[in-house]
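A.B. asks: Below are the structure tokens for one structure; questions will follow.
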Amino acid sequence: MTRSLPAALALLLCATLAHANDNPPAPTQPAPAAAPAAPRLMQPQLAISLVETVYLPAQVSLLEHTGRLTGRLSALCEAPDPAKLAAAREAWIAADQAWRRIDAVRMGPARADALVAQFDPWPLDLKAVAKSVRDTPADPTSMPALGASRELKQGLPALEYILFGDAAPQQAPLAAKRIDNVCRYGLWVSAGLARRAQELVYEWQGMRRGLNYDPSYPRPFLSESLTRVVAGLRELAGWKLAQQSATPQRSDFPDWRAGVSKRSLESGLDTIERVLLGAGGGAGFDDYLSTRGKDAVVDDLKLRLANARIAVSGLPDDLSSADGERRYAQKRLNELADFISGPLVEALGIPLATAE
């Protein structure tokens with residue numbers, strides 16, 4: 001007898017269920033959870049990190065090294081001998097390099113023209129130095145003398161001159177084994193620089209506190225930071241590499257008397273890299289971009305930084321002796337500056353500061 005259609009369907013359903021019970025499906029494995037996205041680095045966090053890990057430590061380093069230079073000069077003046085002269089020269093180089101790390105990114109309090117004139121006037125006026133030597137106070141480290149030292153505008157280049165001389169180190173003014181006004185003058189200048197370096201530390205500490213309380217400040221701070229990086233690169237590639245001179249002399253480059261012109265360029269580039277990529281575990285502009293998925297821009301930035309670093313490292317110690325290497329370094333430094341002022345600021349969404 002033919003079964004009805006509903007009865008046949010019921011039998012088929014029972015058979016299907018029985019087969020399913022004999023062969024149960026494998027349990028479904030949950031899909032692996034996606035890795036949580038890195039939290040975005042915000043502008044206030046970046047600004048605070050740059051102050052705490054780059055700018056403020058650079059100011060503290062300047063204070064430490066100018067203080068040590070003052071102590072070494074004092075020891076040399078009390079009992080001159082070749083070992084103390086060598087120690088004073090070593091201290092000058094360390095203090096100078098601490099300044100160069102700030103000079104390349106003159107930011108915030110360090111941007112003032114009066115400060116630059118006090119630490120690093122260019123070119124050095126030797127006639128003014130001779131007059132200041134004659135007018136040196138009897139007590140060059142007294143409070144009135146330290147106040148007057150702000151107006152000298154001779155700074156580290158003058159100390160370089162009296163320690164290293166123009167021609168041969170053995171002919172430098174402080175190489176003579178006697179105590180005279182040149183010693184007191186060196187103390188006057190050095191102690192004045194150390195005092196100003198201490199004030200800079202206080203000023204930067206105040207700026208750090210201000211970042212906690214003024215929500216409108218981080219963005220212009222970062223804008224100025226990028227602007228000063230570009231300006232610093234232009235200076236390194238420009239007059240600090242004697243860009244306008246076809247046949248430069250050693251005296252066309254900063255820090256030539258001590259023979260550290262190349263080292264000064266490297267010190268400046270060090271700080272520029274720390275601002276862009278962070279330092280001491282702190283954040284840099286690369287982290288700001290990475291947390292927004294712009295890794296390609298970060299890779300391009302790192303490549304251009306590496307190219308600039310290689311070009312500067314390839315320079316000879318005497319920058320006047322190799323025109324080809326000098327021109328190559330200028331090119332790479334300017335390429336980095338062009339990238340920062342163009343594609344990088346566009347990706348960041350943080351424009352360069354307008355000219356004052």
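A.B. asks: State the extension gain, in nm to one decimal, for the chain segment bounded by residue 321 and residue 122, taking 0.36 nm per residue of separation less the distance between their alpha-carbons.
C.D. replies: That works out to 69.5 nm of additional length.
A.B. asks: Now for a separate question. What do you reckon, how do 141, 247, 66 stack up by accessible area (1.4 Å probe), largest on top?
C.D. replies: So, going from the largest accessible area down, we get 247, 141, 66.
A.B. asks: Hey, what angle do you get for helix 323-339 against the long axis of the chain, alpha-carbon based, 0 to 90 degrees rounded to 10?
C.D. replies: 50 degrees
A.B. asks: I need the phi-derived Karplus couplings for the stretch 50-63: 6.51 cos²θ - 1.76 cosθ + 1.60, θ = phi - 60°, integer Hz, Gly and Pro marked x.
C.D. replies: Calculated HN-Hα couplings, in order: 5, 5, 6, 10, 10, 5, 5, x, 5, 5, 5, 4, 4, 4 Hz.
A.B. asks: Per DSSP helix of 4 or more residues, -39500 (n - 2.57); summed, then divided by the residues of the chain. What does that give at 222 nm, rounded to the nearest 500?
C.D. replies: -20000 deg cm²/dmol
A.B. asks: Given a 1.4 angstrom probe, I'd like the percentage of the accessible area of the chain that is carbon and sulfur, rounded to a whole number.
C.D. replies: On the chain, the fraction of accessible area on carbon and sulfur atoms equals 56 percent.
A.B. asks: Here is a further query. First measure r as the distance between the Cβ atoms of residue 245 and residue 181, then evaluate 1/(1 + (r/R0)^6) with R0 = 25 Å and state the FRET efficiency to the nearest 0.05.
C.D. replies: So, using R0 = 25 Å, E works out to roughly 0.10.
A.B. asks: Please calculate how many Å² of accessible area the stretch 145-239 carries per residue, with a 1.4 Å probe and no DNA, RNA or ligand atoms counted.
C.D. replies: 41 Å²
A.B. asks: Hey, another quick one. Take the chain, compute every pairwise Cα distance, and split them into 20 Å bins from 0; I just need the percent in each bin.
C.D. replies: Result returned by the calculation: 26, 45, 14, 6, 5, 3, 0.
A.B. asks: Next up: Which residue fluctuates the most in the chain, going by a Gaussian network model with Cα springs under 10 Å, if the choices are 47, 86, 308?
C.D. replies: The residue that fluctuates most here is 86.
A.B. asks: Taking the Cα of residue 130, stepping 7 Å toward and past its beta carbon, and measuring to each backbone N in the stretch 61-92: which are under 18 Å?
C.D. replies: Answer for this model: none.
A.B. asks: Could you give the angle, 0 to 90 degrees to the nearest 10, between helix 295-313's Cα long axis and the longest principal axis of the Cα atoms of the chain?
C.D. replies: With rounding to tens, the tilt is 30 degrees.
A.B. asks: Here is a further query. For helix 181-213, what angle does its Cα long axis make with the longest principal axis of the chain, in degrees from 0 to 90 and rounded to 10?
C.D. replies: 30 degrees
A.B. asks: Give, in nm to one decimal, the length gained when the segment between residue 209 and residue 40 is fully stretched (0.36 nm per residue of separation minus the Cα-Cα distance).
C.D. replies: Answer, rounded to one decimal: 58.6 nm.
A.B. asks: Of the listed pairs 84/131; 240/331; 127/153; 153/240; 153/177, which have alpha-carbon separations greater than 23 Å here?
C.D. replies: From 84/131; 240/331; 127/153; 153/240; 153/177, over 23 Å: 84/131; 153/177.
A.B. asks: Another question about this same structure. Scan around residue 291 for amide H atoms under 5 Å from its own, H built in the peptide plane at 1.01 Å from N, and keep only partners 5 or more places away or cross-chain.
C.D. replies: Those lying under 5 Å, H to H, from residue 291 are 41.
A.B. asks: Sorting 310, 162 by accessible area (1.4 Å probe), largest first, what list results?
C.D. replies: Output order, biggest surface exposure first: 310, 162.
A.B. asks: What figure in square angstrom, to the nearest 10, would you give for the accessible area of residue 143 with a 1.4 Å probe?
C.D. replies: Counting only protein heavy atoms, residue 143 exposes about 120 Å² to solvent.
A.B. asks: While we're on this one: In percent, how large is the relative contact order of the chain, given Cα pairs closer than 8 Å and 6 or more residues apart?
C.D. replies: Once divided by the residue count of the chain, the mean separation gives 23 percent.
A.B. asks: In addition: Using all C-alpha to C-alpha distances in the stretch 36-192, build P(r) with 5 Å bins and read off the rounded percent in each one.
C.D. replies: Taking all Cα pairs of the stretch 36-192, the binned fractions are 1, 9, 17, 20, 18, 12, 7, 5, 3, 3, 2, 1, 1, 0 percent.
A.B. asks: A follow-up question, please. State the extension gain, in nm to one decimal, for the chain segment bounded by residue 299 and residue 219, taking 0.36 nm per residue of separation less the distance between their alpha-carbons.
C.D. replies: 26.4 nm
The values are calculated or read from the model by the stated rules, or taken from the named source; none is laboratory data. Quantities reported herein were computed from a predicted structural model and do not represent experimental measurements. Methodologically, a virtual Cβ is constructed for each residue, glycine included, from the backbone with ideal geometry; neighbour enumeration extends over all protein chains shown. In case anyone asks, the SASA skips ligands and DNA or RNA and just uses the protein heavy atoms, side chains included. Shrake-Rupley method; radii C 1.70, N 1.55, O 1.52, S 1.80 Å.
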